[in-house]
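One structure below.
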Amino acid sequence: MPEPKTFPKALRLRSPQQFANVYASGIYAADQTLVINLLANGLTTSRMGLSIPKLSGDAPTRNKWKRYCREAFRLQQHDLPVGIDFVVRPRKGAKPVADSVADSLKALLCRGASKLEAGS
C-alpha cells in the first residue's frame, strides 16, 4: 500500500527560529520560478516553510503561491531528498503556475541536496 500523501505539521517549519536557521545556512538554489534556501536537518523527513512576500502580488496571488507550493510538496514528498529543512519563496516577477512550481520545487531540491552533500 502506498504511503499517504499528506502535509502534517511535522513536515512544516513553524517557528521563527527554524526559518532563521535555514536562512543562516546561506545555501540556496534558484531558477526562474522559485528560490529555495536549504539546511540539513538530520531527520528522516524533509520539512518545508513558505515565505511569500507582499511584493509577490495581492492576497489572492499570494494564496495561490502557497497552495501550489504546498500541493507540489504534498504530492512529491516521497520522491524528494530527505533530511532537509527548506524555505520556498517565489522569484521576483514570477507568476504562479501549478506545473512550473511543481517542476521547479523538485529540480531545486535535488540541486540543493547535492550542494548540501558537497558542503558537508
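Bear in mind that the values in this text are calculations on the coordinates, not laboratory data. Being a predicted model, the structure only gives us computed values, none of them experimental. Cβ placement follows ideal geometry from the backbone for every residue including glycine, while neighbour counts extend to all protein chains displayed.
Over 19 Å apart at the Cα level, from the set 64/95; 66/92; 66/115, are 66/115.
Rounded to the nearest 500, the helix-only mean residue ellipticity at 222 nm of the chain stands at -14000 deg cm²/dmol, with each DSSP H run of n ≥ 4 adding -39,500 (n - 2.57). Compare 80, 109, 55 in a GNM of the chain, Cα atoms joined below 10 Å, and give the one with the largest fluctuation. Its mean-square fluctuation being the largest, the pick is 55.
For residue 15, neighbours were defined as the other residues whose beta-carbon sits under 15 Å from its Cβ, and their charges (Lys and Arg +1, Asp and Glu -1) total +3.
Select from segment 16-116 those trypsin sites (Lys or Arg not before Pro) which occupy a DSSP coil region and have at most 11 other Cβ atoms within 10 Å, ordered by residue number. Listed in order of number, the matching sites are 92.
Relative contact order of the chain, taken over Cα pairs closer than 8 Å and 6 or more residues apart, is 35 percent.
Largest GNM mean-square fluctuation across 20, 107, 29, computed for the chain with C-alpha springs under 10 Å, falls on 20. Available extension along the chain between residue 76 and residue 31 is 14.4 nm, counting 0.36 nm per residue and deducting the alpha carbon span.
Out of 53, 90, 16, any idea which swings most in a Gaussian network model of the chain, alpha carbons joined below 10 Å? Greatest mean-square fluctuation among the candidates belongs to 16. Remark: 68, 23, 28 ranked as 23, 28, 68, counting other beta-carbon atoms within 10 Å and listing the fewest first. The charge dipole of the chain, taken about its Cα centre with unit charges on the Cβ atoms of Lys, Arg (+1), Asp and Glu (-1) only, comes to about 500 debye. By the Kirkwood approach, averaging reciprocal distances over each pair of separate Cα atoms, segment 9-119 gets a hydrodynamic radius of 13.8 Å.
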